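Visitor: First, the structure itself, so that you have it in front of you.
All of the numbers you see were taken from the coordinates with simple rules; none came from a lab. Since the structure is predicted, the reported quantities are computational estimates derived from the model, not experimental observations. Using ideal geometry, Cβ is built from the backbone for each residue, glycine included, and neighbour counts are taken over all protein chains shown.
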Amino acid sequence: MSLCFIEPQNAIRVIAESVGREARRQILGEVVRAWVDEIPETELDSHYAKAVSDLDEHDLSLLAAWHASLEMGHPVPNKEFLVNVFPSLGEHRREALKIAAGFRGEEAFEAGVGEEQALDTVLPWLSDTRCRELARECLELYCWDRLGAEN
C-alpha cells in the first residue's frame, strides 16, 4: 500500500512551481497532451477549430507541414483549410490537436500567461489515473531540473 499525502493535481502544481523555466514548459506540454488524450471523440473537432483559430502564420505553416508529412495531399497553411481537413485525418486527429494546442500553449507561455492559470484550466479535466501518471512524469522532470539541467 502506498501513502499519498497530496492529490496528484496539487503535486503537479507544486512541482511546476518548483522547477526552472524549461522544465515548467515541458510540464505544461505534458499536461496539454494529457488533456487532449482525455477529450471525447465527439469534441475533438471543436477543440481543434479553437486551437487553430488562435495560431499565427508561422504556426499555421508548421501545422500544414505536419499535415504534408502524412502525404494526404498538399495542405494550405490557413485556418479554414486546416479545420476543414481535420475530420479526414482519422487516427491522426489527436496528434494534430496536440500539435495545435501545443503551439497555442507556447504562445501563451511566451506572452506571460501564468503556468498556474494554464494548469487551473486543464487539470480539472483530467481523470485521477491520468493525473497520477502525469505526476510521475513531473517528478522525473523535477529530478532532471534539480540535477543540473540548464534553465
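Visitor: Answer with a single label: of [x] 16.6, 54; [y] 15.7, 49; [z] 14.8, 44, which was calculated as Rg and Dmax of the Cα atoms in Å from the structure in view?
Guide: [x]
Visitor: Could you tell me the relative contact order of the chain? Use alpha-carbon pairs under 8 Å, at least six residues apart, and round to a whole percent.
Guide: 44
Visitor: Ranked by Cβ crowding within 10 angstrom, fewest neighbours first, how are H74, H58, H67 ordered?
Guide: Going from least to most buried by this count: H74, H58, H67.
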